[in-house]
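Visitor: I'd like to ask you about the structure that follows.
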Amino acid sequence: MMAALLLSAAFAVNCICVLLVVLPKLNAVNADSVDFSQWQVCLGIILIIALAYAAFGYYLFQMNENVFKNIKHMMLICVLIAITVLLALLTTLAYIHITLILMVSLLVALLINDKTAFLLNLLLSLSVGIMNTDGTDILGVDAFAVMLSCILGGTAAIFMLKNKSKRGNIITAGVFGGAVMCIVLLGAYFVASASAEHIISTIAWVGASALLSALLAVGSLSVWESLFDVATPARLNELSNANHPLLKQLMAEAPGTYHHSMMAAALAQAAAQRIGADHLLARVGAYYHDVGKLRRPQYFIENQKGGENIHNTLSPLESASSIIAHQKDSVKLLTKHKLPSEVIKIASEHHGNSLMSYFYNKAVSSAGNPNAINIKQYRYSGSRPSTKESAIVMLSDCCEAAVRSLGDTTQEQVEQMVKNVISSKISGSDAQLASSPLTLSDVAEIEKAFIKTFSAIMHERIQYTNSQEKENSR
Ligand SMILES: [Fe+2]
Ligand SMILES: [Fe+2]
């Protein structure tokens, strides 16, 4: 509903801008003729644009539901549409013909996905083409040439950017898209036998627009990322860098947790790649999932280096409370450092609402009566994983800790442990992934990816000795 409202608003702004450009041209050409033909033209333009918006919205709803249901994405799309058509209106009225359509294609490809960028480029090419009409020939040569150059140039730029997440690639893609636009314009005007002066001026404006678009896309990317809280591949790649202050602090103050996070990240990335989930998001989510342990590193066995276990001096409830707190502490720390909400969500869900069974059982055996113990105090307070990436990080986190607890082991034991951990999360009394978006075939593929990755990294394992340590190490 919200997406439809946003698109309707963008459609209204788009139509008004196009008509404000086209109407004065019609008036200038047909000053002595009857107004009725002008209204026919306007009605025709509105119908064409309306149909294009309906097709765009329908495509998003049917084929790209994640984008259609994501209010932030839809707001971003509509804001970019408004900027493009308003700028096209202002520059046309000022007799300069700068259009930022290429900037929109590049930004949407980076911030959302290339399919949406391609469709949005088609939608905006139509409007920008109509706005470039010369008044005597609506939807004629000028409109067609500009429209075709925007469609092919934008498509080329999106194609050039595919799977390239570094910011330097944006300029290359923009320049390539601009070159394609100029070549298309040259071809279209040659066919239409346009004057040399007209060809040169149009190509100059389009070339300048393409270059400006690429520069603005690079310059404004981080603003859009933080304004709309989008985890782009470029931003996730930056967060993967070991020089990030949080990772550096984790390495210095909680080296065991840092190592565990790196291993979990390797597993999560392999599994996400195998099932076609966002492997970069899964990897970054695993890197940062346990940063909350920085508050009390020594409470987690992986950071005790064989020293005294602090939990020997605490009651089961104190131990459980201090360990359970790390999930919330991770969220606080990641929010403070302004990490993307997708990464924070992974940290907030990595234990779900699972039970700290070791300390719960210890409390029950001390009390001698299960009714004397409030089980809620021994449960994590997060939500169960709601995305594939979040579910993968939960599984890689548990499997990494469990396999490390095996110490020196065999391939068969590792395989059995991975199968046991995964099945305990899918079914059983505390099945955190019972209603996750993972399918059974996804789970089977994740299991294979984990086993393959473990066989590659087994020589780097850290040996733990008992089940408490296993639990604490997560
Ligand atoms: Fe963990
Ligand atoms: Fe954890």
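Visitor: Checking the conditions here, which among Ser201, Ser240 is among the polar types (S, T, N, Q) and assigned by TED's automatic domain parsing to the domain that holds Leu280?
Guide: Within the list Ser201, Ser240, the selection yields Ser240.
Visitor: Every residue in region 219-247 that is under 14 Å from Ser105 (Cα atoms) and surrounded by 18 or more Cβ atoms within 10 Å (Cβ to Cβ), please.
Guide: Leu221, Trp224
Visitor: How many residues does region 273-302 hold that are more than 15 Å from Ser240 (Cβ to Cβ), modelled with pLDDT of 90 or more and within 16 Å of ligand 2 (Cβ to nearest atom)? I'd like the intermediate steps shown before the answer.
Guide: Here is the first cut: in region 273-302, the residues more than 15 Å from Ser240 (Cβ to Cβ) are 274-277, 290, 292-302.
Now restrict to residues that are modelled with pLDDT of 90 or more: 274-277, 290, 292-300.
When the remaining residues are screened for being within 16 Å of ligand 2 (Cβ to nearest atom), the result is 290, 292-300.
Number of matching residues: 10.
Visitor: Can you report the number of residues in region 316-337 which are over 24 Å from Asn243 (Cα atoms) and touching a residue at least 24 places away in the same chain (Cβ under 8 Å)?
Guide: Here is the first cut: in region 316-337, the residues over 24 Å from Asn243 (Cα atoms) are 316-325.
Still in the list and also touching a residue at least 24 places away in the same chain (Cβ under 8 Å): 316-317, 319-325.
Of the residues in region 316-337, 9 are over 24 Å from Asn243 (Cα atoms) and touching a residue at least 24 places away in the same chain (Cβ under 8 Å).
Visitor: Residue check, Ala204 against (1) surrounded by fewer than 16 Cβ atoms within 10 Å (Cβ to Cβ); (2) not in a helix (DSSP H, G or I), all met but one. Which one?
Guide: Unmet for Ala204, out of (1) surrounded by fewer than 16 Cβ atoms within 10 Å (Cβ to Cβ); (2) not in a helix (DSSP H, G or I): (2).
Visitor: Count, please, the residues in region 290-309 that happen to be in a loop (DSSP other than H, G, I, E, B) and among the polar types (S, T, N, Q).
Guide: Residues of region 290-309 that are in a loop (DSSP other than H, G, I, E, B), as a first pass: 290, 296, 300, 304-309.
Remaining after also requiring among the polar types (S, T, N, Q): 304, 309.
Qualifying residue count, region 290-309: 2.
Visitor: Which members of region 325-356 meet the condition of being of a type in the set (Val, Ile, Thr) and either under 20 Å from Ala268 (Cα atoms) or within 13 Å of ligand 1 (Cβ to nearest atom) (or both)?
Guide: Hits for region 325-356 are Val331, Val343, Ile344, Ile346.
Visitor: Select from region 300-321 the residues that are surrounded by fewer than 20 Cβ atoms within 10 Å (Cβ to Cβ) and either within 16 Å of ligand 1 (Cβ to nearest atom) or of a type in the set (Val, Ile, Thr) (or both) and list them in ascending order. Give the derivation first.
Guide: Residues of region 300-321 surrounded by fewer than 20 Cβ atoms within 10 Å (Cβ to Cβ): 304-310, 312-315, 317-318, 321.
If the condition is that a residue be surrounded by fewer than 20 Cβ atoms within 10 Å (Cβ to Cβ) and either within 16 Å of ligand 1 (Cβ to nearest atom) or of a type in the set (Val, Ile, Thr) (or both), then Gln304, Ile310, Thr313 are the ones that fit.
Visitor: While we're looking at this one, here's another question. Can you tell me which residues in region 230-272 are within 16 Å of ligand 2 (Cβ to nearest atom), touching a Lys or Arg at 6+ places or on another chain (Cβ under 9 Å) and among the polar types (S, T, N, Q)?
Guide: Thr257 - this is the single residue of region 230-272 that is within 16 Å of ligand 2 (Cβ to nearest atom), touching a Lys or Arg at 6+ places or on another chain (Cβ under 9 Å) and among the polar types (S, T, N, Q).
Visitor: Tell me yes or no: at least one residue of region 365-372 is within 20 Å of Ser429 (Cβ to Cβ) and of a type in the set (A, V, I, L, M, F, W, C).
Guide: No - not one qualifying residue is present in region 365-372.
Visitor: Sticking with this one: Check region 88-109 and report whether any residue there is part of a helix (DSSP H, G or I) and aromatic (Phe, Trp, Tyr).
Guide: Within region 88-109, not a single residue is part of a helix (DSSP H, G or I) and aromatic (Phe, Trp, Tyr).
Visitor: Now, a different point. Can you tell me which residue within region 277-299, out of those that are surrounded by fewer than 24 Cβ atoms within 10 Å (Cβ to Cβ) and closer than 11 Å to Gly256 by Cβ, is nearest to ligand 1 (Cβ to nearest atom)?
Guide: The residue in question is Pro297.
Visitor: Looking at region 234-289, what helices (runs of 4 or more DSSP H) fall wholly within it and have at least 1 residues that are over 16 Å from Ala456 (Cβ atoms) and among the charged types (D, E, K, R)?
Guide: Of the helices (runs of 4 or more DSSP H) lying wholly inside region 234-289, those with at least 1 residues that are over 16 Å from Ala456 (Cβ atoms) and among the charged types (D, E, K, R) span 245-253.
Visitor: Which of the residues spanning region 441-474 are among the β-branched types (Val, Ile, Thr) and at pLDDT 75 or above? Steps first, answer last, please.
Guide: Looking only at region 441-474, we keep the residues that are among the β-branched types (Val, Ile, Thr), and these are 443, 446, 451, 453, 457, 462, 465.
Once the filter is applied, which keeps residues that are among the β-branched types (Val, Ile, Thr) and at pLDDT 75 or above, region 441-474 yields Val443, Ile446, Ile451, Thr453, Ile457.
Visitor: Considering only residues that are closer than 12 Å to Asp397 by Cβ and of a type in the set (Ser, Thr, Tyr), which ones fall in region 249-287?
Guide: Within region 249-287, Thr257, Ser261, Tyr287 qualify.
Visitor: State whether the residues of region 430-440 include one that is out of contact with any Leu (no Cβ under 8 Å at 6 or more places or on another chain), within 16 Å of ligand 2 (Cβ to nearest atom) and modelled with pLDDT of 80 or more. First the steps, then the outcome.
Guide: First, the residues of region 430-440 that are out of contact with any Leu (no Cβ under 8 Å at 6 or more places or on another chain): 431-432, 434-440.
Checking the rest, the ones that are also within 16 Å of ligand 2 (Cβ to nearest atom) come to 432.
With the extra rule that they be modelled with pLDDT of 80 or more, the set shrinks to 432.
Yes; the residues of region 430-440 include at least one that is out of contact with any Leu (no Cβ under 8 Å at 6 or more places or on another chain), within 16 Å of ligand 2 (Cβ to nearest atom) and modelled with pLDDT of 80 or more.
Visitor: For Leu239, work out the one condition from (1) away from ligand 1 (no atom under 14 Å from the Cβ); (2) over 16 Å from the mean Cα position of the chain (by Cα); (3) touching a residue at least 24 places away in the same chain (Cβ under 8 Å) it doesn't fulfil.
Guide: (2)
Visitor: How many residues are surrounded by 20 or more Cβ atoms within 10 Å (Cβ to Cβ) and among the small types (Gly, Ala, Ser) when one looks only at region 337-388?
Guide: 6
Visitor: Here's a follow-up. Under 6 Å between Cβ atoms, at least 6 apart or on separate chains: pull out the pairs that start in region 392-410 with a residue that is at pLDDT 95 or above and end on any residue that is within 16 Å of ligand 2 (Cβ to nearest atom) and of a type in the set (D, E, K, R).
Guide: Matching pairs, first to second residue: Asp397/Arg474.
Visitor: Testing Glu318 on (1) in contact with a helix residue (DSSP H, G or I) (Cβ under 8 Å, 6 or more places away or on another chain); (2) among the acidic types (Asp, Glu); (3) over 27 Å from Asn66 (Cα atoms), one condition comes back false. Which one is that?
Guide: The failed condition is (1).
Visitor: Looking at region 131-171, which of its residues are at pLDDT below 90, surrounded by fewer than 21 Cβ atoms within 10 Å (Cβ to Cβ) and either of a type in the set (Val, Ile, Thr) or over 25 Å from Ser220 (Cα atoms) (or both)?
Guide: Asp134, Gly135, Thr136, Asp137, Ile138, Leu139, Gly140, Val141, Ala143, Phe144, Ile171
Visitor: Then there's this: Within the bounds of region 356-364, is there any residue that is in contact with a Lys or Arg (Cβ under 9 Å, 6 or more places away or on another chain) and not hydrophobic (A, V, I, L, M, F, W, C)?
Guide: yes
The values are calculated or read from the model by the stated rules, or taken from the named source; none is laboratory data. In this text, all values refer to a predicted model and were calculated from it rather than measured experimentally. Quick reminder, even Gly has a Cβ in these numbers, built from the backbone with ideal geometry, and neighbours come from all protein chains shown.
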